[in-house]
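Presented below is the structure to which this report refers.
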Amino acid sequence: MPFFSARVATAGILITSLLMLLPDLAAADRPNVLVVFADDWGHFASIYGRLRPGTINDVVRTPNFDRLAGSGVLFTNAFVNAPSCTPCRSSLLSGQYFWRTGRGAILQGAIWDEAIPSFPLLLEKSGYRVGSNGKVWSPGSPANAPIGGRRTAVNSAGGRFNDFSEELAKSADPNATRELLLEEVRQNFRGFLMSASSPQPFLYWWGPTNTHRTWIRGSGKQFWNINPDDLRGKLPGHLPDVAEVREDVADYLGEVQALDAGLGALLQVLTESGLADNTLIVVSGDHGMPGVPGGKCNLYDLGTHVSLAIACPGRIPGGRVVEDFVSLPDLAPTVLEAGAVTIPDVMTGRSLWTLLQQPASGLVDADRDSVLIGRERHVARARTDLLPYPQRAIRTRDYLYIRNFAPDRWPMGTAPGFGLPDGPLPAPAQLTDNTFAAFADMDASPTKAWVIEQGLADARWRPYLDRAFALRPDEELYALSTDPDQLQNVAQEPQFADVRKQLSERLMKALRESGDPRVAEEPGPIRFDQPPFTDDVEKAAGKAAVKKRAN
């Protein structure tokens, strides 16, 4: 271990010296941009635990994110536009609602429309040098198209960080392997910085996927000292507070802490290169916790509420906590405005740049009082007819209102007894390891397996099973002051009739004004329910593979 540490330290000194020979990018008029965008990372960071004690944020430790947020702006009400990887990233990169991105609005079968402007390519066109490591826009074709695909990929030091717990578990010296994985992050970033041939600002995107399942069971306690029992009484209400689920959440939080360590490695390189004071740093994730009821692929906060911190020491007053509602498509025009690039008229996101430069905390812009959220298709074969599960929602400070456009469809997909003929559900081992075994819009996990097995066997746990997988009504309304976890639907209660009506009208008006095909007034079929949005992509992939082998 000492020899390894010495080698890393020596390499860092040498590379720092080389970086000092680079053109003085920090003197550029326009800021550099570092985007850290993690897969399946929701609203989980220790700094949020200090603001709102009593949640799982009390247990996770994210010192690097906390320090960055303290030097810049921490947002408490940041939400994705879609709690599914590709649609969320389509909205973020385009600065538009996901339903305006064509086939980018779905996961499996997504195709990027090159006519849609993306903020990385707009920055590049204006003179920025662009690089990315990890996941930017996928799954979808062409891979990572909105950032230039392979042309801008940076991977000279490898990509093992994305398998963090797996790499530690198979190592004879986990501490040494941990440092190797973090050095991989540093080396990729350093290599990108060193490749500059002229003094131009840069955009570097780091997209780690280690917080996406799967990971090693028990890794949270083994590698990150997260005791599952410390989560007792702190789990979101959609999750049963039992040992198996607490361990699963602890393992997830371990991956969050690994992500935070990777962020620290990037910030170290920025500091040693002298670029930190002129770099706009944006850190967030593409939706909430995977493989749990109410999380990923749901419009409840556990699926849509994400962490967000933005800092730029030379340009943004720090030490602020902002409560304005932010939708991730807002980040595209924000970065463009910061880089002095004209914001395309088609972008529906609203730039945060002016807000960021103000010294105020709390609610800064009273007009930012809500966000719109939605969903179409995630896993293609989740439902037997290949149809999506269309939803839209409006989230305000006091309420979450959800419109389910097809309440006769199964929200997480079908399974025996749930849209399929009665029969035995897959065994727990399959539900733990194979997402497609049943309810395919929820990732396979120990939590998924436990909720299904125990929910069918024991009436005490049946409400968790039904909330996760049963049919849902066409309207849902949750009063957040008394129900922050969104468990009690009050849409049909008389005392909330006016609220329901007002939020429904407000949501539908916003959808129509944004051109959402779901509420288009012109006659004809809703296109999200038609090919190519309902193509059988797995069957098509099989045919393509057969054709390739034949050739």
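Name every residue in the stretch 54-67 that is in contact with a helix residue (DSSP H, G or I) (Cβ under 7 Å, 6 or more places away or on another chain) and under 16 Å from residue 321 (Cβ atoms), in order of residue number.
Hits for the stretch 54-67 are 57, 62, 65, 66.
Out of all the residues in the stretch 275-314, which are buried (at least 24 other Cβ atoms within 10 Å of the Cβ), assigned to a loop (DSSP other than H, G, I, E, B) and of a type in the set (A, V, I, L, M, F, W, C)?
Scanning the stretch 275-314 gives 289, 292, 297, 299, 312.
Write out, first by first residue and then by second, each pair whose Cβ atoms fall under 8 Å of each other, whose residues are 6+ apart or on separate chains, and whose first residue, in the stretch 248-274, is in a loop (DSSP other than H, G, I, E, B) while the second is open to solvent by less than 10 Å² (accessible area, probe 1.4 Å).
Listed by first residue and then by second, the contacts come to 274/19.
Restricting attention to the stretch 345-378, which residues are in contact with a Phe, Trp or Tyr (Cβ under 9 Å, 6 or more places away or on another chain), of a type outside the set (D, E, K, R), more than 27 Å from residue 317 (Cβ to Cβ) and in a loop (DSSP other than H, G, I, E, B)?
Matches in the stretch 345-378: 348, 378.
Okay, residues lined up against (1) among the aliphatic types (A, V, I, L, M); (2) out of contact with any Lys or Arg (no Cβ under 9 Å at 6 or more places or on another chain); (3) open to solvent by 30 Å² or more (accessible area, probe 1.4 Å):
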residue: 436; (1), (2), (3): no, no, yes
residue: 448; (1), (2), (3): no, yes, no
residue: 452; (1), (2), (3): yes, yes, no
residue: 456; (1), (2), (3): yes, no, yes
residue: 462; (1), (2), (3): no, yes, yes
residue: 469; (1), (2), (3): no, yes, no
residue: 473; (1), (2), (3): no, yes, yes
residue: 480; (1), (2), (3): yes, no, no
residue: 485; (1), (2), (3): no, yes, yes
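Quick check on my filter: what residues within the stretch 127-143 are open to solvent by less than 30 Å² (accessible area, probe 1.4 Å) and closer than 19 Å to residue 160 by Cβ?
The answer is 131, 132, 133, 135, 136.
Take the stretch 388-422 and flag every residue that is surrounded by fewer than 22 Cβ atoms within 10 Å (Cβ to Cβ), among the small types (Gly, Ala, Ser) and over 27 Å from residue 514 (Cβ atoms).
Listed by number, the residues that qualify are 415, 417, 419.
Which members of the stretch 86-127 meet the condition of being more than 17 Å from the chain's Cα centre (by Cα), under 14 Å from residue 328 (Cβ atoms) and in a loop (DSSP other than H, G, I, E, B)?
Correct list: 101, 118.
Those residues that are closer than 16 Å to residue 44 by Cα, in contact with a Ser or Thr (Cβ under 9 Å, 6 or more places away or on another chain) and open to solvent by 20 Å² or more (accessible area, probe 1.4 Å), I need them from the stretch 225-256; list them, please.
234, 235, 236
Could you list, ordered by first residue, the pairs with Cβ atoms under 6 Å in which the first is in the stretch 409-428 and farther than 19 Å from residue 444 by Cα and modelled with pLDDT of 95 or more and the second is among the aliphatic types (A, V, I, L, M) and open to solvent by 50 Å² or more (accessible area, probe 1.4 Å), at least 6 apart or interchain?
Partner pairs satisfying both residue conditions: none exist.
Given the structure, is residue 34 open to solvent by 10 Å² or more (accessible area, probe 1.4 Å), out of contact with any Leu (no Cβ under 6 Å at 6 or more places or on another chain) and of a type in the set (A, V, I, L, M)?
no
Open to solvent by 20 Å² or more (accessible area, probe 1.4 Å) and outside any helix (DSSP H, G or I), is that true of residue 216?
Values: open to solvent by 20 Å² or more (accessible area, probe 1.4 Å): yes; outside any helix (DSSP H, G or I): yes.
Against the criterion (open to solvent by 20 Å² or more (accessible area, probe 1.4 Å) and outside any helix (DSSP H, G or I)), residue 216 qualifies.
Out of 535, 529, report the one residue that is charged (D, E, K, R), crowded, with 19+ Cβ neighbours inside 10 Å, under 22 Å from residue 107 (Cα atoms) and out of contact with any helix residue (DSSP H, G or I) (no Cβ under 9 Å at 6 or more places or on another chain).
On the way: 535 fails: crowded, with 19+ Cβ neighbours inside 10 Å.
Within the list 535, 529, the selection yields 529.
Going through the stretch 330-343 one residue at a time, which ones are open to solvent by 30 Å² or more (accessible area, probe 1.4 Å), touching a helix residue (DSSP H, G or I) at 6+ places or on another chain (Cβ under 8 Å) and in a loop (DSSP other than H, G, I, E, B)? Walk me through how you get there before you give the answer.
The initial filter retains those residues of the stretch 330-343 that are open to solvent by 30 Å² or more (accessible area, probe 1.4 Å), namely 337, 340, 342-343.
The next check asks that each one be touching a helix residue (DSSP H, G or I) at 6+ places or on another chain (Cβ under 8 Å); those that pass are 337, 342-343.
Within the stretch 330-343, 342, 343 qualify.
The values are calculated or read from the model by the stated rules, or taken from the named source; none is laboratory data. From a predicted model like this one, the values you see are computed outputs, not experimental measurements. Using ideal geometry, Cβ is built from the backbone for each residue, glycine included, and neighbour counts are taken over all protein chains shown. Just so you know, the surface numbers come from the protein's heavy atoms only, side chains and all, with ligands and any DNA or RNA stripped out. Shrake-Rupley method; radii C 1.70, N 1.55, O 1.52, S 1.80 Å.
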